[in-house]
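Chemist: What follows is a single structure, and I will ask about it in a moment.
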Amino acid sequence: MIPLSLDDVQRLAPGNLRTTGADRVTGVQIDSRRIKPGDLFVAVGRGADYVDQALVAGAGAALVPDDAFAALAALATEVRSRSSARVVAITGSTAKTSTKDILGALCAPHARTVVAEGSQNNELGLPLTLCRLEPDTEVAIVEMGMRGVGQIAELCDIAKPDVGVITTVGPVHLELLGTIERVAQAKAELVESLPAGGTAVVPAGERQLEPYLRREDIEIVRFGEGGEVSLSYFAAREGRSRLKVEAFGRPLTIEFSFSGRHNATNALAALAAYNALGLPLGKAQRGARHVKLSRWRGEEAPLPGDGVLINDCYNANPLSMAAALEHLVERAGERRKVAVLGDMAELGPGAASYHREVGAAASRAGVDVLLAVGPLAKSYLDGARGVPVTRWAPTVEQGLTALRQLLQPGDCVLVKGSRAMGLEAVGEAVAVVPAH
């Protein structure tokens, strides 16, 4: 981190500051288990109980702030103001983290890059990412989530992005926002927050965003069919893929270390942002082979009889479910296709209808077995009339029992649901369960 003096810390973040004699801090952590010498430990919630532990671990200082969120925001804003790095902010209804992972890999061979860890995309995670900026950092890639109107604008006030990427607009957080139009409004705060001369990267043909793309002092770059960056060919084999891309009038062929077709679209968005940073499109291949997606996003593990587990259970909504089902069918080949789908959360009054639509999508895709897990997930079965084998389990534990009964050697199994479901327990257990 760009160092901050303890005077800076006290000025920026009022609270109880304990020091060990250091006159500056060189990192910020909120988890005492991650402390490195010279870090500032900021106590969030029950973190105040771990101040002594952090100091023993080598923290240069520990702060119990009057307002934890405000403290982290102020510290990150200060670090950002002292950095000359170009910041890319990524938001969207789906694929934020995967797009961030792809862009980070593309940039790394060409610029000193800081990338958000995992899904650090909220009022805690984003400041922690910015507090990793070093004096020589050239590119910072941050992720921005939201649960309501105004939240992305607040994160932009901290990050001051130069490039903004909106991956998708779809039915997420509808319990809070009500309509997809409001989702688009919330996501578009990123476009509105860009400085003159900045670049907004958005999906081509996304009509919900069009009212917010009228600024003439920024560049608007669209990706996808009809956009400046589009896909003309995709093939995947053994965990890798080959893409032919038209990028700003130039043909590119790039091999990536992922196999999901949906990640090809994410790669288009990443390539558009990469170009906006002034990095060489002709050398994008150098990083493309080293993409490593964050945990539980299409992770694969072997199953008995040459089967495959696709563990994609970090989160779920109608858009990402459809993409995951498509990937299941492509990845399965001649294997039996088994979808273990959990509840999709925060969809509001229309939740049952969205679940039925996903069930219908599973039927159209040719899924052989559909196991629905969770109270809301029962509605998948209402739409999955063409799936040969369907089963419902109200809990994750019962779902695991049911899957053990259904699983056959050589199956290709997708496990996906909203994060609150905790379906990773099924994914992790089934990979070592013997076939029945």
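Chemist: Between the range 345-407 and the range 170-192, what's the alpha-carbon centroid distance in Å?
Modeler: The range 345-407 and the range 170-192 have Cα centres spaced 26 Å from each other.
Chemist: Running Debye on the range 164-288 with equal point scatterers at the Cα sites and no solvent, what base-10 log of I(q)/I(0) appears at q = 0.11, 0.16, 0.22 Å⁻¹?
Modeler: Cα-only, vacuum Debye calculation for the range 164-288: -0.41, -0.81, -1.23.
Chemist: Note the angle between two axes, namely the Cα long axis of helix 396-406 and the longest principal axis of the Cα atoms of the chain, as a number of degrees from 0 to 90, rounded to the nearest 10.
Modeler: The angle comes out near 40 degrees.
Chemist: Using C-alpha positions alone, give me the convex hull volume of the range 299-430 per residue in cubic angstrom. Present the calculation step by step, with values, prior to reporting the outcome.
Modeler: Numbers: hull volume 10.9 nm³, N = 132.
Expressed per residue, the convex hull around the Cα atoms of the range 299-430 is 83 Å³.
Chemist: Quick one: which of 66-73, 356-363 comes out on top by average Cβ neighbours within 10 Å, and what's the full order, highest first? Walk me through the numbers on the way to the answer.
Modeler: Details: 66-73: 18.2, 356-363: 22.1.
Peptide ranking by packing, descending: 356-363, 66-73.
Chemist: Excluding residue 388 itself, calculate the net charge of residues whose Cβ lies under 13 Å from the Cβ of residue 388, where each Lys or Arg counts +1 and each Asp or Glu counts -1.
Modeler: Numbers: positive: 336, 337, 385, 391; negative: 368.
Result for the local shell: +3.
Chemist: Sorting 228, 397, 428, 143 on the 10 Å Cβ count, fewest up front, what's the list? Intermediate results must be reported in sequence, preceding the final value.
Modeler: Numbers: 228 20, 397 12, 428 17, 143 28.
Lowest to highest Cβ neighbour count: 397, 428, 228, 143.
Chemist: Counting alpha carbon pairs within less than 8 Å and at least 6 residues apart, what relative contact order, in whole percent, applies to the range 21-170? Show your work: numbers first, answer last.
Modeler: Numbers: 291 pairs, mean separation 37.8, N = 150.
Relative CO of the range 21-170 lands at 25 percent.
Chemist: What number comes out for the charge environment of residue 427, summing +1 per Lys or Arg and -1 per Asp or Glu over other residues with Cβ under 10 Å away?
Modeler: Numbers: positive: 416; negative: 299, 312, 424, 428.
Charge balance near residue 427 sits at -3.
Chemist: For the chain, I need the span (max minus min coordinate) of the C-alpha atoms along each principal axis, in Å, sorted largest to smallest.
Modeler: That works out to 67, 53, 40 Å along the principal axes.
Chemist: Now, a different point. Sorted by packing (mean other beta-carbon atoms within 10 Å per residue), highest first, where do 246-254, 180-188 land? Intermediate values should be presented prior to the final figure.
Modeler: Values: 246-254: 13.8, 180-188: 20.1.
Ranked by mean Cβ neighbours within 10 Å, highest first: 180-188, 246-254.
Chemist: If you split all Cα-Cα distances of the range 1-102 into 5 Å bins from zero, what percentages do you get per bin, shortest first?
Modeler: Final binned percentages: 2, 13, 22, 20, 16, 11, 9, 4, 1, 0.
Chemist: Another one. Any chance you could give the angle, 0 to 90 degrees and rounded to 10, that helix 96-107 forms with the longest Cα principal axis of the chain?
Modeler: For helix 96-107, the angle is close to 70 degrees.
Chemist: What ranking, highest mean first, results for peptides 309-315, 237-243, 319-325 when packing means the other Cβ atoms within 10 Å averaged over each residue? Can you show the working numbers first?
Modeler: Values: 309-315: 24.6, 237-243: 14.3, 319-325: 23.0.
Listed from highest to lowest mean packing, they are 309-315, 319-325, 237-243.
Chemist: Output the 0 to 90 degree angle, nearest 10, between the alpha-carbon long axis of helix 318-332 and the longest principal axis computed from the alpha carbons of the chain.
Modeler: So the helix axis and the longest Cα principal axis differ by about 60 degrees.
Chemist: Which ordering of 124, 75 is given by a fewest-first count of other beta-carbon atoms within 10 Å? It would help to have the intermediate numbers written out before the result.
Modeler: On the way: 124 16, 75 27.
Result, fewest neighbours first: 124, 75.
Chemist: Taking only pairs that are 8 or more places apart or on different chains, how many Lys pairs in the chain have Cα atoms under 15 angstrom apart? Working shown, then result.
Modeler: Details: 96/187; 96/292; 100/292; 244/283; 337/416; 378/416.
Close lysine pairs found across the chain: 6.
Taken together, the values in this text are just the output of simple stated rules run on the coordinates, not laboratory data. Quantities reported herein were computed from a predicted structural model and do not represent experimental measurements. Positions of Cβ are generated from backbone atoms using ideal geometry, with glycine treated the same way; all protein chains shown enter the neighbour counts.
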